[in-house]
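Novice: Once you've had a glance at the structure underneath, I'll fire off some questions.
Since every read-out is calculated from the coordinates, none of them should be taken as a lab result. Small disclaimer: the values here were computed from a predicted structure and weren't measured. FYI the Cβ positions are ideal-geometry reconstructions off the backbone, even for glycines, and counts take in every protein chain you see.
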Amino acid sequence: MRLAELTALLHLASPALPIGAFSYSQGLEAAVEAQWIGDTGTACEWIENGLLHVLARGELPFIAHQFARWQRHDAPALMQADREFLASREAAELRRETEQMGWSLKQLACSLEWGDAARRATLERLTPLSQPTAFAFAAAIHEVPVDAALAAYAFAWAENQVAAAIKAVPLGQLAGQRILVAARAVIDRAVARALDTPPERINTFSPMLGVLCARHETQYSRLFRS
């Protein structure tokens, strides 16, 4: 990988990227409320299961196929796949989250004039837009390897989950870093599984996650938006 590609991935995976990821927990806060997560071990288990059984079967292979569609600039396929992904969100909060982050990343990409005008025009026409499709656009136009793009997305997700766990459980900073170190090998497995998943086998079937996210909408005390 060239240094320019690595720098682009570091930018896209940075928690400082202004798309609002820090304000979401994706069900983790509800899991803490339900006492499924209460210490480092259960937080680590939650995050590793999320990587292997949620992202690796859903968002990561979806990004890989959207990445290829952006490379070909297959606008009809991009739009149809994005509509299907948005329809797969199990709870209102998850739908609003991906749409808000997708919109924010789109505004950033267009303002910075990433990619060619034709692809940016397609990106602008995607309304609403999911975050994975916007991320696939950003990764594809920076010409990064697809496996590295998936690893960056997965690590950013895990890092955000750790940040949420540090606040919500709560955990110490060192415990959070231990979880991230343990997640490295899990991310490798998740990326390999995602790259081996054809479009027709992508699924987001995680019923208890959906239940927790739906419960979060009416949770008495909340730090996060999902």
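Novice: May I ask you to list the residues in the stretch 18-68 that are under 13 Å from the mean Cα position of the chain (by Cα), on the phi < 0 side of the Ramachandran plot and part of a loop (DSSP other than H, G, I, E, B)?
Specialist: I19, Y24, S25, A56, R57, G58 - these are the residues of the stretch 18-68 that are under 13 Å from the mean Cα position of the chain (by Cα), on the phi < 0 side of the Ramachandran plot and part of a loop (DSSP other than H, G, I, E, B).
Novice: If Q71 passes every condition in (1) in contact (Cβ under 8 Å) with a residue 40 or more places away in the chain; (2) assigned to a loop (DSSP other than H, G, I, E, B); (3) not basic (K, R) but one, which one does it miss?
Specialist: (2)
Novice: I've got another one for you. Would you pick out the residues in the stretch 203-218 that are surrounded by fewer than 15 Cβ atoms within 10 Å (Cβ to Cβ) and within 20 Å of F22 (Cβ to Cβ)?
Specialist: Initially, the stretch 203-218 is screened for residues surrounded by fewer than 15 Cβ atoms within 10 Å (Cβ to Cβ), giving 203, 205, 207-208, 217-218.
E217 - this is the single residue of the stretch 203-218 that is surrounded by fewer than 15 Cβ atoms within 10 Å (Cβ to Cβ) and within 20 Å of F22 (Cβ to Cβ).
Novice: Could you give me the residue pairs with C-beta distances under 8 Å whose first residue belongs to the stretch 168-179 and is touching a residue at least 60 places away in the same chain (Cβ under 8 Å) and over 15 Å from W46 (Cβ atoms), whose second residue is of a type in the set (A, V, I, L, M) and surrounded by fewer than 20 Cβ atoms within 10 Å (Cβ to Cβ) wherever it lies, and which are 6+ apart or on separate chains?
Specialist: No pair meets every condition.
Novice: Just need a number here: residues in the stretch 15-58 that are loosely packed, with under 15 Cβ neighbours inside 10 Å, within 14 Å of A158 (Cβ to Cβ) and polar (S, T, N, Q).
Specialist: Of the residues in the stretch 15-58, 1 are loosely packed, with under 15 Cβ neighbours inside 10 Å, within 14 Å of A158 (Cβ to Cβ) and polar (S, T, N, Q).
Novice: Would you pick out the residues in the stretch 8-66 that are acidic (D, E) and in contact (Cβ under 8 Å) with a residue 40 or more places away in the chain? Explain how you work it out, then say what you get.
Specialist: Let us first name the residues in the stretch 8-66 that are acidic (D, E), namely 29, 33, 39, 45, 48, 59.
Matches in the stretch 8-66: E29, E33, D39, E48, E59.
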